[in-house]
1. Collect the residues in segment 23-42 that are out of contact with any Lys or Arg (no Cβ under 8 Å at 6 or more places or on another chain) and buried (at least 20 other Cβ atoms within 10 Å of the Cβ), keeping them in residue-number order.
2. List pairs: first residue in segment 7-26 and under 18 Å from ASN195 (Cβ atoms), second residue surrounded by fewer than 16 Cβ atoms within 10 Å (Cβ to Cβ) anywhere in the structure, Cβ distance under 6 angstrom, at least six positions apart or on different chains.
3. Please go through segment 167-220 and pick out each residue that is of a type in the set (Phe, Trp, Tyr) and closer than 20 Å to ALA52 by Cβ.
4. Can you name every residue in segment 97-142 that is over 23 Å from SER77 (Cβ atoms), in contact with a Gly (Cβ under 8 Å, 6 or more places away or on another chain) and not hydrophobic (A, V, I, L, M, F, W, C)?
5. Among ASN65, ASN45, ASN61, which is at pLDDT below 95 and loosely packed, with under 12 Cβ neighbours inside 10 Å?
6. Mind checking which pairs have a first residue in segment 68-88 that is on the phi > 0 side of the Ramachandran plot and a second that is surrounded by fewer than 19 Cβ atoms within 10 Å (Cβ to Cβ) and among the small types (Gly, Ala, Ser), Cβ under 7 Å, 6 or more apart or different chains?
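The values are calculated or read from the model by the stated rules, or taken from the named source; none is laboratory data. Owing to the predicted nature of the structure, the values given are computational and were not obtained by experimental measurement. Neighbour counts are summed over all protein chains in view; Cβ atoms, including those assigned to glycine, are modelled from backbone coordinates with ideal geometry.
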Amino acid sequence: MKTEMVQEVCDRYKKLYTGVICDNLDKRGLRNQILPYYMQSQTGNVKIAGPAFTGYGVPVNDVTNTDMEKRLKMLNSITPDSIAVWSTGGDMQSAHWGEIMSTAARERGCQGAVVDGGVRDMDFILEMEFPVFARFKCPASSVGRWEIKEWQVPVKIGSTTINPGDFIFGDIDGVVVIPEAIALDVLVEAEALANRENGMRKELRKGMLVTEAYEKYGAL
């Protein structure tokens, strides 16, 4: 997608909500596109939308270990309008994302982060209004506890595989992954479904019986 199109698609997705996206994917038989329940926003009621910039790392137990050279190279490689998506190899002992990484990523055009692990420096991240979805908060540095291995490769979080460029959409309910090849088709169909839901919602608020609303708008 060209940059202008990516920005337009992101803006349109942000007018929707994860429920209507998941319903569309379910109808397509894609039932494993939702990240685990614990992948929740750590930065309030925010929405993220954009192509995935993926990466993964693994736990280590060596106080002399540092991945700084890889980390800097990775941050310099982040693509505009992307969402950073990180698999951490199940490490639960450290923060895998923080304020400095958020600042560096944002300067590269990154629009948010999804981390299957820990995040720290939340005061700073909240102040800069950078959306982060993560598993937990943790003040411990990853240095000597975890190291970055690769980026822009397929990664897995829960039962969902995320490929570089897959479309990431997250809101207050969680995070969903839309395969890159169908991101536009899902968007158009989800917009139509959302319009139908809005119509039904308005009719119900005016007093229409739910059976009448379903007869008029059909099963959603």
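1. ASN24, GLN33, ILE34, LEU35, SER41
2. From segment 7-26, the pairs are THR18/ASP173.
3. Scanning segment 167-220 gives PHE167, PHE169.
4. Result: ARG135, LYS137.
5. Exactly one of ASN65, ASN45, ASN61 is at pLDDT below 95 and loosely packed, with under 12 Cβ neighbours inside 10 Å, namely ASN61.
6. ASP81/GLY109
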